[in-house]
Structure formats: structure tokens, C-alpha cells
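Enquirer: Before I ask anything, here is the structure I am working with.
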Amino acid sequence: MSKNLGLIGSITYDEITYASGDLITGLGGVLYQAAVLCGLEEEVFLHAHLSEELVDKVERTVENWTTLHKEGILSVSGPGNQVHLHYPKEGERIETLKSVVEPLDPDPILKGLDQMAMLILVINSGLDIQLPDWQRIVHAASCPVWVDIHSLFLTKWLGVPRKYSYLPEWKDWVEGISYLQANVKEVASMLGHPQTLPSEAELIQFGEAVFDLRVKAVFLTLGKEGVLALKPGESFKVAAGQAERVVDTTGCGDVFCGGTVVKLASGEDAFEATRFGVELATKAAGVKGVAETFKLASEHKRL
């Protein structure tokens, strides 16, 4: 039976370049999670600001996403959230914000909160919603809350490559939520040393510290190594499978989020949910863009 899932984030328009000279452009951001959730036939209530210049593109892309509720998508003026992602031959992805939209108003989210089985916040730009508004939402939520902390620790300047930095108030974003998703660079930023990657022992210690903030489970994405899932006193590592082919790894963490959330909302254990999320994310490396991601999730639902 499908469930009502609230989804908060930014719809982006991505320009993706590779060292080979290849170029991919298209919609991204929170639409990756929406694609998975809708493909798995959940009722998705999406809250995002969308540039009026992108409305037609989004409408064409999601026209077959029958479980997507779009009342919370508000059209705004300007170019919207535009992002350039570059994958060098070696080293980490380079992300540059070209333009952003204003933070969301929490009131429409609060009005429908009591109907949600789970609420998901994806921090795409770091400017998606203001902290006091987010704290109001968490305080009012009776459902579990998942946060993909993602871009919170990336610098917010436009037109220059984003860098990881320490944000002392990160705990204020996390306290009271149920599930936290982060990658190792984000954990390093939370630990106060964004340029030094933590060891696995430090990752587990980090999880224990987060549990003091009433978080029930932590999901740490490790790139090609998979995901380390933590519950109080327990850890569970799921290795990433071998994709049949790798087309585009953009959005794989988002696909993991969507798949794992669906299983958690269905009552499955965090570790089993992690296994499903990793399986789906591995397959997602073989497709590109949100439309193909939706198709992948839809096909997986029918298996």
C-alpha cells in the first residue's frame, strides 16, 4: 500500500562535464528522490521553488509520475537553481553554483504534515530552507524525519567551486530527526576537519555522538565502497555492487535515499532498508537523468 511521503528540496538544472569532454545537461536535485519514490508508487508531496524558465521542462519530465503531488512546487522568477558539476579524471567532483532560488516558506509544509508517513529534507544548495523554519517543522512532525545533509557544508558563493567547511550549528539541523544521511566529506566537516577524511572507527564514533541528538539511525555513503549504516551499538556495511555499466554516477546517493526511505516507511529494519537502497543505487549508475531514474525504479517495482 502506498504511503504519503513529504519531500523538501531544490529542483536544479545541471550542467555535467567530464574530463573526456562529454557534456550532459538536464534537471536534477530533489527530482532524483522524487523519481525513485514515484517510480516505486509512493504518494509524493514535493515542496520546492521552481524557476519559471524550467516549468515546462519539469512538466514534460514528470507527466507520467502519477503519484507526484505538485501543489507545493511554486514557480518563481529568475533562472532558478543552476549547477555545474565537473568530474575530473582523478579526484573529487567539482561543484559550482551558478544561481539559486530563495528559501522555502515552511507554512505550506506544516499544513500537510499530519498526513505524512515520513518527511524527507534534501539539502541541495544549502539555501533551500532557513534553520528556524526547519526547526519549526521538525518540532511539529509526528512522523519520522529523514535528512540528507548533503550541501549544508559547501560554501554558498556563486560562480566559484564549492568547498567543504565547518558549520558549528550543524547539530541544530539534526537534533530531533529520525534518520541522517551523509557522505564521508560531510562527516569530516561535522567533525571540524573537512580536509581530512575520517577512519571507519571515527565514522562509528560520529554515529554514536549523533544518537545523543535522538537520531535513530545514520546512513553514511562511502562512494564505491557502499554504505555504512549505524544504529545505537550496531553497525552494518553494505558493499556497492558491480554495475553492469557506468553511465553517470550523479544522483546515486539520491537514489539510495529514495529506496531506503520507502523500505523504512514500510516498517523494515534500517539495515535491510540499506541493502535495498544500495542495490537500487548501484543500478542507477547505469542510467542518466531523472527520467531514466524514474523508469529504473518503475521497472524495479515490477520485479
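Quick note: the coordinates plus some simple rules give every number you see, no bench work behind them. It should be emphasised that the depicted structure is a prediction, and the values quoted were computed from it without experimental measurement. Don't worry about glycine lacking a Cβ; one is built from the backbone with ideal geometry, like all the others, and counts go over all protein chains shown.
Enquirer: Just rank Trp157, Trp170, Trp65, Trp146, fewest to most, by other beta-carbon atoms within 10 angstrom.
Expert: Ordered from fewest to most neighbouring Cβ atoms within 10 Å, Trp157, Trp170, Trp65, Trp146 come out as Trp157, Trp170, Trp65, Trp146.
Enquirer: Another question, if that's okay. Multiply the residue gap between Glu299 and Ala140 by 0.36 nm, knock off their C-alpha separation, and tell me the result in nm, one decimal place.
Expert: Result for the pair: 53.7 nm of gain on full extension.
Enquirer: How many lysine pairs in the stretch 164-303, separated by 8 or more positions in sequence or lying on different chains, have Cα atoms less than 18 Å apart?
Expert: So the count of such lysine pairs works out to 17.
Enquirer: For Thr25 paired with Glu225, estimate the spin-label separation in nm (one decimal), with each label point 7 Å from Cα along the Cα-to-Cβ line.
Expert: 3.7
Enquirer: Here is a follow-up. With the contact rule set at Cα under 8 Å and sequence spacing of 6 or more, what percent relative contact order holds for the chain?
Expert: 17
Enquirer: Taking neighbour counts of Cβ atoms within 10 Å as a proxy for exposure, in what order, fewest first, do His47, His139, His300, His193 appear?
Expert: Final ranking by Cβ density, sparse to dense: His139, His193, His300, His47.
Enquirer: Mind sorting Cys143, Cys257 by how few other Cβ atoms lie within 10 Å of their own Cβ, fewest first?
Expert: Cys143, Cys257
Enquirer: Can you compute the modelled spin-label distance between Thr17 and Glu92, with each label point 7 Å from Cα toward Cβ, in nm?
Expert: Those two pseudo-labels are separated by 2.0 nm.
Enquirer: Separate question: Scattering from the C-alpha atoms of the stretch 73-166 alone, worked out with Debye: what is log10 I(q)/I(0) at q = 0.13, 0.14, 0.20, 0.26 1/Å?
Expert: After summing over all Cα pairs, the log10 values are -0.54, -0.62, -1.04, -1.37.
Enquirer: Hand me the GluC sites (Glu not before Pro) from the stretch 117-198 located in a DSSP loop with no more than 13 other Cβ atoms within 10 Å, in residue order please.
Expert: Glu169
Enquirer: Sticking with this structure for a sec: Which value in deg cm²/dmol, rounded to the nearest 500, describes the helix-derived mean residue ellipticity at 222 nm for the chain, given -39,500 (n - 2.57) per DSSP H run of n ≥ 4 and division by the residue count?
Expert: -9500 deg cm²/dmol
Enquirer: Equivalent ellipsoid semi-axes for the stretch 258-303, as square roots of 5 times the alpha carbon gyration tensor eigenvalues: give them largest first, rounded to whole Å.
Expert: Here the semi-axes work out to 20, 11, 8 Å.
Enquirer: Just the number, please: percent antiparallel of the DSSP beta bridges in the chain, rounded to the nearest 5.
Expert: 40
Enquirer: Taking only Cα atoms of the chain, what ratio of Rg to Rh do you get with Rh as the Kirkwood inverse-distance radius?
Expert: Radius of gyration over Kirkwood radius for the chain works out to 0.92.
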